[in-house]
Amino acid sequence: MRQGEYWARLDERLIDWIGKALRRKPSGESRVAAALLAVGQHHSARMRGAMASAAEVLIRRRAYDRPLYAASMRALAEVEDGRAGALLAEALRCETWGGLATLSAAAHCSSCAIEEPLVRAAAARRPEIAFGAELVRALRSEARRAVLVDAAARLKESARIELCSQLLAPLLLLRKPVALPAAVVPAMSVLRGSERHLGRWLVFALASIQGGDRSPLEEALERSEEGSSSARTAWTLLAWALNNGSAPPRVKPTAEIVARLSDRPTAERDMSFLFRLAEAKAEGARTMLDALSSGSTRDSSSVRALAVLGRTYASSDACERLREIADLDERASLRGIAIAGLWDVGEHSEARKRASELCEARALPNAVWGGLVLHAGPEPLITERSFRYLERGWVE
């Protein structure tokens, strides 16, 4: 199937799914909604129209907690659709200010229509709304430092978790780093001082680094010389993550340490930091990838590990196992990411041939993987962004 025909058919399927989801909320809404974000710049005019209509309906229903609303609104804002500003302004004027999902989308919108609603939201009694709105204003060079610091000081742990996953992590981890202004630095210092979770501490520290503050790096280096061996290893890795461009440290992480360094809750055992280490060929990363991808149990993380082993470490065994999963996966749930993995390891003709078969895949995220393969360029397909959206269904 040709690339144009594939995307036209995929558009039809996604538009049809959006219509059905508005009539009756599906059980697997989060993963397919996140797939809308993974498609990115490939959205057609009809697809953008369907997402705008869905956002309008959900705003009218005040259904701001729906993954479909968060994904549609952010996707429109990211491609700078002309309807995004008016939709966001309408959501920001409601009694709940549209929640953090609205503010997350507003962070990607340059429309002047949201200027006044953001000022009102920054005066909200809920500190997470006030902080989020003022952070968005900071991206527009309109922030008031005192408002940010006051809101940061009033945030509870649950609010910090939501702010990290829905607003800061998408800005700092899932796309090219945003140039945050110096006005955010004092507030991020307050958040770091209250944060015990190392992965969220890292996100707040990255925001400070973007604002021109080097003190988080100095703090991490200082802490890397204190405490237990696992604590020293964790802080050494944090210092490396903050010092962009530096050589990876000669420490051997464990699965427990890697899980603690993810912005996700530790209980989720997210291995995203491991793949960052693997890209830099850090010591011990290959051993952990081998362990993650071995055994009879297969999940999306193990397939991602195989793709990194094949691309970064030139493992021929990993390539062969990717072919097996792409051809023999009984549930077909891993075919999409396995085929994307084949593309990443350089098996382009094989990947394209298999990808054309995914257009009618029962799982829409698999069909999106196929479209991405057919439209692939020189960059890897399995990135932190695409993996979170298509395999985890995290609409952040």
Positive-end residue of Asn366, Ala314, Ser294, charge dipole of the chain with Cβ unit charges: Asn366
Can you give me the distance in nm between label points at Met1 and His42, each placed 7 Å from the Cα along the Cα-to-Cβ direction? 1.1 nm
Highest-first arrangement of 244-252, 119-127, where packing means the average Cβ count within 10 Å: 119-127, 244-252
Based on alpha-carbon centroids, what's the gap between the stretch 367-385 and the stretch 266-344 in Å, whole number please? 15 Å
Relative contact order as a percentage, the chain, C-alpha pairs under 8 Å and 6+ apart, gives 15 percent
Entry for Kirkwood radius over Cα pairs in Å (calculated from the structure that is shown) out of (i) 21.9; (ii) 22.7; (iii) 21.1: (i)
Can you show me the helix-derived [θ] at 222 nm for the chain, built from DSSP H runs with n ≥ 4 at -39,500 (n - 2.57) apiece and divided by the number of residues, rounded to the nearest 500. -18500 deg cm²/dmol
For the stretch 1-122: relative contact order, % (alpha-carbon pairs under 8 angstrom, 6 or more apart): 22 percent
The answer for chymotrypsin sites (Phe, Trp or Tyr not before Pro) in the stretch 346-392 that fall in a DSSP coil and have at most 14 neighbouring Cβ atoms within 10 Å is none
Proxy exposure order for Glu396, Glu226, Glu357, Glu90 (fewest C-beta within 10 Å first) is Glu226, Glu357, Glu90, Glu396
Positive-end residue of His108, Trp97, Gly4, charge dipole of the stretch 1-120 with Cβ unit charges: Gly4
Multiplying the sequence separation of Glu80 and Ser215 by 0.36 nm and subtracting their Cα-Cα distance, what value in nm do you get? 45.1 nm
Please sort by residue number the trypsin sites (Lys or Arg not before Pro) in the stretch 297-396 whose DSSP state is loop and whose Cβ has at most 14 other Cβ atoms within 10 Å. Arg331, Arg362
What ranking, highest mean first, results for peptides 134-144, 373-383 when packing means the other Cβ atoms within 10 Å averaged over each residue? 134-144, 373-383
Dividing the mean separation of Cα pairs under 8 Å (6+ apart) by the residue count of the stretch 163-232 yields a relative contact order in percent of 31 percent
Within 10 Å, count the other beta carbons around each residue, average over each peptide in 201-214, 270-283, 38-51, and list them highest first. 201-214, 270-283, 38-51
When Val147, Val57 are ranked with the fewest other C-beta atoms within 10 Å first, the list becomes Val57, Val147
Label Cys94 and Arg196 with points 7 Å out from Cα along Cα→Cβ: what is the distance between them in nm? 3.5 nm
Computed FRET value (nearest 0.05) for Glu142 with Arg175, which takes r as the C-beta separation and R₀ as 30 Å: 0.90
Please work out the FRET efficiency for the pair Glu279 and Arg23, using the Cβ-Cβ distance as r and a Förster radius of 45 Å; give the result to the nearest 0.05. 0.60
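Quick note: the coordinates plus some simple rules give every number you see, no bench work behind them. Note that this is a predicted model, so its numbers are computed, not measured. Note that we place each Cβ from the backbone using ideal geometry, even for glycine, and neighbour counts take in every protein chain shown.
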